[in-house]
1. Are there any pairs with C-beta distances below 9 angstrom linking a residue in region 138-165 that is touching a residue at least 12 places away in the same chain (Cβ under 8 Å) and polar (S, T, N, Q) to a residue that is surrounded by 17 or more Cβ atoms within 10 Å (Cβ to Cβ) and assigned to a helix (DSSP H, G or I), with the two at least 6 apart or on different chains, and if so which?
2. Conditions first: (1) surrounded by fewer than 16 Cβ atoms within 10 Å (Cβ to Cβ); (2) modelled with pLDDT under 95; (3) within 17 Å of Ala59 (Cα to Cα). Ala105 passes all but one, so which condition is the exception?
3. Considering only residues of region 122-153 that are assigned to a loop (DSSP other than H, G, I, E, B) and touching a Cys at 6+ places or on another chain (Cβ under 6 Å), which is surrounded by the fewest Cβ atoms within 10 Å (Cβ to Cβ)?
4. Ala59: under 29 Å from Ala164 (Cα atoms), at pLDDT 95 or above and in contact with a strand residue (DSSP E or B) (Cβ under 7 Å, 6 or more places away or on another chain), yes or no?
5. Can you tell me which of Ala181, Ala160 is in contact with a helix residue (DSSP H, G or I) (Cβ under 7 Å, 6 or more places away or on another chain) and either closer than 17 Å to Leu56 by Cα or among the small types (Gly, Ala, Ser) (or both)?
6. Kindly indicate the residue of region 192-215 that is within 23 Å of Gly53 (Cα to Cα), modelled with pLDDT under 95 and not aliphatic (A, V, I, L, M) and also surrounded by the most Cβ atoms within 10 Å (Cβ to Cβ) among those meeting that condition.
7. Residues of region 155-179 being more than 21 Å from Leu49 (Cβ to Cβ) and surrounded by 21 or more Cβ atoms within 10 Å (Cβ to Cβ), which ones?
Amino acid sequence: MSAASDSGAGPRLVILDRDGVINADSDDYIKSPAEFQFLPGSLEAILRLKRAGKLLAIATNQSGLARGYFDEATLQAMHAKLLGALAAKANDEPDTPGHQDGRGAASEWIDRIVYCPHGPDEGCACRKPLPGMLLEILKRFDVAPREAVFIGDSLSDIQAGQAAGVAPLLVRTGKGQRTLARRESSTEAREILAGVPVFRDLAAAAFDLLSISVDDLDG
């Protein structure tokens with residue numbers, strides 16, 4: 001099974017969940033730049049997708065803001081750490097955009113970061129599993145849902161992708177293994193996850209989207 005398109009060109013837009021896909025997740029929330037630790041291969045995967053000309057966006061629930069676990073400045077510092085790490089990694093890879101001067105703008109690696117700051121009981125339209133953030137990103141880049149994919153690690157990620165008409169992909173990192181285990185105890189989870197491609201991690205998903213043969217896709 002492959003998530004790449006039949007034409008081999010793959011999606012124009014790749015939307016990523018953050019915690020559990022790019023960086024390690026925690027049930028206690030990621031509350032500081034020090035706790036914001038990148039998963040193996042995630043930075044390389046992002047650069048690989050950008051090198052291939054993909055639009056890249058992040059859509060992430062950050063209810064820690066509403067819960068008072070961290071503030072807006074701390075969240076921006078986490079994202080600055082991500083962009084800085086991508087810049088540093090890009091400078092180590094000569095064929096990556098931005099290598100020439102080493103100072104490239106954030107948009108050279110991540111085109112847009114959208115987050116929901118609300119708690120689960122605030123009734124917003126952006127918190128996943130609702131599709132608000134994905135629809136905002138699609139509109140921003142004038143991309144049809146069928147030209148995009150959404151890579152996540154939770155059932156709410158999959159539901160958000162499906163609600164937006166965007167093909168969802170699941171990774172086993174973060175809450176991914178826990179999400180897959182829900183198929184054994186929940187008919188609803190089994191139905192939601194039916195036919196959704198499952199990858200070891202973001203790196204394996206990126207290889208597949210770029211139609212590079214790997215052994216890391218499993219069902």
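1. These pairs meet every condition: Ser154/Gly176; Ser154/Thr179; Gln159/Ile192; Gln162/Ile192.
2. (3)
3. Cys126
4. Here the answer is yes, as Ala59 does meet what is asked.
5. Ala160
6. Ser211
7. Leu155, Lys175, Thr179
Rundown of residues vs (1) within 20 Å of Gly152 (Cα to Cα); (2) among the aliphatic types (A, V, I, L, M); (3) buried (at least 19 other Cβ atoms within 10 Å of the Cβ), yes/no style:
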site	(1), (2), (3)
Lys54	yes, no, yes
Ala57	yes, yes, yes
Asn61	yes, no, yes
Tyr69	no, no, no
Ala73	no, yes, no
Gln76	no, no, no
Ala80	no, yes, no
Ala88	no, yes, no
Asn91	no, no, no
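The values are calculated or read from the model by the stated rules, or taken from the named source; none is laboratory data. Owing to the predicted nature of the structure, the values given are computational and were not obtained by experimental measurement. Virtual Cβ from ideal backbone geometry, glycine too; neighbours counted across all protein chains shown.
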